[in-house]
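Trainee: Below: one structure in structure tokens.
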Amino acid sequence: MNASIPRFGALLLVLAPLAAHAQATPVRLQDFRALVRIVSPQFSPGGRRIAFLSVRPDFVHDRYDATLRVVAADGGPAAALVRGMRDLHMPRWAPDGRTLSFIARVGKRKPQVWAVAAAGGTPRELTDAPRGVEQYAWSPDGRTLAYVTPDPSSIDARDRRDHHDLFTIHDDDYQVTRPPVPSHLWLLTPANGAARQLTHGRASVLENAPPFAGAVSPPAWSADGRWIVYAQQADADPADSDRTTVVTVNVASGAVRPLTAQRSYEYTPGFAPAGDAVAYLHPHGPGPLSDMDVWEIARSGGTPRDLTADLDRDVYSDYAWLLAGRGVVALANDGVGSRLYVQPLHGKGHALALGDLEPLQFAVSRQGALAVVADNATTAPELYLLRSLHGRPLALTAFNRGFARYAWPRSVDLRWHAPDGQPDDGILTYPIGYVPGHRYPLVVYSHGGPEAASTEDFDSGEIGPLRDLFAAHGFLVFEPNYRGSDNLGNAHEHAIYRDPGTGPDSDVISGIERLQRQGIVDASRIAAVGHSYGGYMTAWLIAHQHFWRCAVVADGAVDWTEEYELSGAGNLAWTRDSLGGSPWNPHSAALYRSGSPITYAGQITTPTLILSGTADTTVPITESFALYHALASRHVPVRFIGIPGAFHSPQDPVHRELYYRAIEDWVVAHLRG
């Protein structure tokens, strides 16, 4: 067994005098209302300024408000350019550096692209797309805007009014109410307002969540402005986001051509800053249940090359080309943190030196500098600058400096091996005021995905503020990165293939046993908590072990057949390609039953809190209903909370706070009782 490895040398040691906490108080849930998110950093073309969004919760109107800001790369106050516009996102510099554009919504209109002078002024609307703009990108010369907008529906308002609105359902989610429509590329000339549609047909620009990794991304222009590359989905059906391929479209003719022979799992393409090389994301293999790597191919075609194969880390969704196309910078989970890796076109890659900071988002300037949004377990997120790939991070903002006054718990990197030899790691957080020799209640929090990881960030993961809240209540918090997690390399991630429950269960239980051997856990007071696949893990654990004091299953998948049949967020493909086939394939049919926690729900005796969004199309609320009735009908203590209108997690600040409050109250009541 490996020893616990401290991650933050600046934190108090376990044996430090408790008086060090006397001047600081533990954080409370409502204190996180002051947290400012920083997202979407973008360098100006000259690299001297950085645009970004600061996002604050508005509890009065129950929404998040974004402000478009600009800060000088050499420091100084961040100027606010645009505030008060709804759903403001995706800031971009126009190529001349004098204008910033963004997507926002005014009144009841659909989102459009707007522009504002970088020196300040009144925003002006650039697009007039009746069905709104989803993504966009400037041409290199700044004369043309490529944007993505949905086609008109085949069922219009009159059809709906007259009830002539029946439609054919394909691979759609269980809440579908009208036929999905493809999204297509349009070209706008802002100088005269002329717009023309560039792509047509049944295939769509990808606008649905991929099943494993990758992301929806804007179109990308070639350096000469003659081509656009994008991820194309075979159709518009939400569950078919695995059927994607990288294609180029000729700006003059509209001719579309795939770059590879693949017809699935290609995402996030981007042209190199010079030349015709295209990078994109595609699984390393075997199969899609593996690390996502950055691949390179020429626009004219040829054999793709896996650039990041030797990194052995999952480039989940975020990468960027380096100056002159010499390589890429990629963001990936590593152990219980995240790293920025530099991968040259030829040779071995390496991680950038960020000290204790965990990168969340980043941008690369044409001059080779990096803007990085970063945090760690005790440092709230801010925007940092690296003047070069060898530079050290310099803080450019201090929106969240007020969080330094709180007492934060100490976290360590815990490592162990499962009984079958599988290497695992996770985060162990000690309670505030920890005293060696005492035994403490333990909260086991399983992350979702499973292609994700628990990392030592501030409040951006699924666990949100719960790590700090539970530590403030005097609990140990254990976050295991069970097999299937994307932080320990391809073998660890692929190890969950056709083993959704038993193997990960052994990882978690052996990690708990590791802690118990240290003599720090009160074995009579252990709670299991998790969201999404973490909810699956929680339901599986409480069905197979019975020492738990309480449990929380949040948006938890408990029935693989329902995931295959009802989900619309790529989980049809996820279950098929993770379990080795469909529920109707003789090779995999039995696993859909034996690998589902609902099969064993009759064995659960643990008091359980269930939470689910009523509009969840990733993990349908029907699964939560099934788990609730399985427990309630046998008089197992259970509470089922629905979150009105929520998808796979609360999207508004009030519901988010109530969600975490419900979890905190349930666990505290049972572990202190």
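Trainee: For the chain, what does -39500 (n - 2.57) per DSSP helix run (n ≥ 4), summed and divided by total residues, give at 222 nm, in deg cm²/dmol to the nearest 500?
Mentor: -4500 deg cm²/dmol
Trainee: What are the radius of gyration and Dmax of the stretch 499-610, computed over its Cα atoms and given in Å?
Mentor: 15.0, 48
Trainee: Related question: As a test of the definition: which semi-axes, in Å, follow for the stretch 25-91 when you take the square root of five times each eigenvalue of its alpha carbon gyration tensor? Largest first, please.
Mentor: 26, 16, 9
Trainee: Here is a further query. Which FRET efficiency value, to the nearest 0.05, do you get for Arg178 and Ala615 by plugging their Cβ-Cβ distance into 1/(1 + (r/R0)^6) with R0 = 25 Å?
Mentor: 0.95
Trainee: Remind me, what semi-axes does the chain give for its equivalent ellipsoid, largest first in whole Å, using sqrt of 5 times each Cα gyration tensor eigenvalue?
Mentor: Equivalent ellipsoid semi-axes, largest first: 39, 30, 25 Å.
Trainee: Two decimals is fine: what's Rg over Rh for the stretch 349-499, C-alpha atoms, Kirkwood radius as Rh?
Mentor: 1.01
Trainee: What is the distance, in nm, between label points placed 7 Å from the Cα along the Cα-to-Cβ direction at Gln197 and at Arg366?
Mentor: Using points 7 Å along Cα→Cβ, the separation is 3.4 nm.
Trainee: If you take the alpha carbon radius of gyration of the stretch 173-228 and divide it by 2.2 N^0.38 Å, what ratio comes out, to two decimals?
Mentor: 1.46
Trainee: Please work out how much length the chain gains when fully extended from Asp159 to Ala119, using 0.36 nm per residue of separation minus the C-alpha to C-alpha distance, in nm with one decimal.
Mentor: 9.6 nm
Trainee: Rg and Dmax of the stretch 519-673, using alpha carbons, in Å: what are they?
Mentor: In order Rg, Dmax, the Cα atoms of the stretch 519-673 give 15.6, 48 Å.
Trainee: Turning to a different aspect of this structure: Size of the dipole of the stretch 538-657 about the Cα centre, Lys and Arg at +1 and Asp and Glu at -1 on the beta carbon, nothing else charged, in debye to 20?
Mentor: 420
Trainee: Restrict the search to the stretch 362-445; then list the trypsin sites (Lys or Arg not before Pro) that DSSP places in a loop and that have at most 10 other Cβ atoms within 10 Å of their Cβ.
Mentor: none
Trainee: Let's test the formula: R0 of 25 Å, r as the Cβ-Cβ distance of Ala324 and Asp74. What FRET efficiency results, to the nearest 0.05?
Mentor: 0.60
Trainee: Once R0 is set to 60 Å, what does the formula 1/(1 + (r/R0)^6) return for the Cβ-Cβ distance between Asp128 and His438, expressed as a FRET efficiency to the nearest 0.05?
Mentor: That gives a FRET efficiency of 0.35.
Trainee: Test of understanding: express the Cα radius of gyration of the stretch 272-325 as a ratio to 2.2 N^0.38 Å, with N the residue count.
Mentor: 1.14
Trainee: Any idea what the dipole of the stretch 214-313 comes to, in debye rounded to 20, about its Cα centre with Lys/Arg Cβ at +1 and Asp/Glu Cβ at -1?
Mentor: In total the dipole reaches around 360 debye.
Trainee: If you rank Thr538, Thr502 by fewest surrounding Cβ atoms within 10 Å, what's the result?
Mentor: If I rank by nearby Cβ atoms, fewest first, I get Thr502, Thr538.
Trainee: Quick one: net charge around Asp74, please, counting Lys, Arg +1 and Asp, Glu -1 for every other residue with C-beta under 10 Å from its C-beta.
Mentor: Result for the local shell: +3.
Trainee: Relative contact order of the chain, please, whole-number percent, based on alpha carbon pairs below 8 angstrom and at least 6 residues apart.
Mentor: 11
Trainee: Simple spin-label model, 7 Å along Cα-to-Cβ: Val654 to Ala351 in nm?
Mentor: Placing both labels 7 Å beyond Cα along the Cβ direction yields 4.2 nm.
Trainee: Okay, next question. List, largest first, the extents of the alpha carbons of the stretch 99-144 along their principal axes, each in whole Å.
Mentor: 29, 23, 12 Å, listed from the longest principal axis down.
Trainee: Mean Kyte-Doolittle of at least -1.0 and a Cα length of 15 Å or more along the axis: which whole DSSP H helices of the chain meet both?
Mentor: Length and hydropathy pass: 502-517, 533-544, 621-632, 653-672.
Trainee: Enumerate the residues in the stretch 463-506 having an amide nitrogen under 17 Å from the point lying 7 Å beyond the Cα of Ala590 toward its Cβ.
Mentor: It comes to 498-503, nothing else.
Trainee: Let me check against my output: what whole-number percent is the relative contact order of the stretch 533-647, with C-alpha pairs under 8 Å and at least 6 apart?
Mentor: Contact order relative to length: 30 percent.
Trainee: In addition: If each Cα of the stretch 169-303 is one equal point scatterer, what is log10 of I(q)/I(0) from the Debye formula at q = 0.18 Å⁻¹?
Mentor: Log-scaled intensity ratios, in q order: -1.01.
Trainee: Rounded to the nearest Å, what's the spacing between the alpha carbon centres of the stretch 524-603 and the stretch 296-344? Just the number, please.
Mentor: When both Cα centres are located, 32 Å separates them.
Trainee: Say each of Ala669 and Gln30 gets a label point 7 Å from the Cα, pointing the same way as Cα to Cβ; how far apart are those two points in nm?
Mentor: Going by the 7 Å Cα→Cβ label model, 2.0 nm.
Read the figures in this text as sums done on the coordinates, not as results from a lab. All figures in this text were calculated on a predicted structure; none of them were measured in a lab. Methodologically, a virtual Cβ is constructed for each residue, glycine included, from the backbone with ideal geometry; neighbour enumeration extends over all protein chains shown.
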